[in-house]
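Scroll down for the structure; my scribbles are underneath it.
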Amino acid sequence: MSALFDPLTIREVQFNNRIWVSPMCQYMAKDGFVGQWHDVHLGSFATGGTGLIMVEATGVVPEGRISIGCPSIEDDAHANAFKPVINFAHSHDVKIGIQ
C-alpha cells in the first residue's frame, strides 16, 4: 500500500493518513461567524476519510480578516461557533486546524 494511506505521527499527533485538505477561502462566514454552511462543507471532508482538514484563513481580530466573509476567532462567541464542525471532525477521528 502507498504511504499516502499510511498513518503519520508528528510529535504526539497521529493522523489516520496523509491526505490533507488545504485551506480554501469560501467567504461564507456571516459577521465572522462560521455556520451550518461550514459544518456541511468541512464535514463532508471528514466523512470522506481525510487525515486533516485545514479551515480557511481565519482572523484573530476583526481587522485580520481578508474579506467580510472570512471567519474569525476574535472572541469566545466566534471561537465557540467552530465547536460543531470540530466535534464532527473529531467524531470521525479527523484532525482539524485553522489557517
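Residues whose amide H lies under 5 Å from that of Ile96, counting only those 5 or more places away or on a different chain, are Ile53; hydrogens are built 1.01 Å from N in the peptide plane. Let a ≥ b ≥ c be the square roots of the eigenvalues of the Cα gyration tensor of the chain; is it rounded (a/c under 1.5), or, if not, prolate (a/b larger than b/c) or oblate? Judged from the Cα gyration tensor, the chain comes out prolate (a/c at least 1.5, a/b above b/c).
Within the stretch 14-90, which trypsin sites (Lys or Arg not before Pro) sit in a loop by DSSP and count at most 15 neighbouring Cβ atoms inside 10 Å? Walk me through the numbers on the way to the answer.
Working: sites: Arg18, Lys30, Arg65; in loops: Arg18, Arg65.
For trypsin sites (Lys or Arg not before Pro) across the stretch 14-90 that sit outside H, G, I, E and B with at most 15 neighbouring Cβ atoms in 10 Å, the list reads Arg18.
Angle between the Cα long axis of helix 36-47 and the longest principal axis of the chain, 0 to 90 degrees, nearest 10? Rounded to the nearest ten degrees, it is 10. Using C-alpha pairs under 8 Å with a sequence gap of at least 6, the mean separation divided by the residue count of the chain gives a relative contact order of 31 percent. For the stretch 77-92, putting each phi into the Karplus relation 6.51 cos²θ - 1.76 cosθ + 1.60 with θ = phi - 60° gives couplings of 4, 5, 5, 5, 5, 7, 3, x, 6, 5, 4, 5, 4, 5, 5, 9 Hz, in residue order, rounded to whole numbers and with x for Gly and Pro.
Read the figures in this text as sums done on the coordinates, not as results from a lab. Predicted model only: the values in this text are computed from it and were never measured. Every residue, glycine as well, gets a Cβ built from its backbone with ideal geometry; the counts of neighbours run over all protein chains shown.
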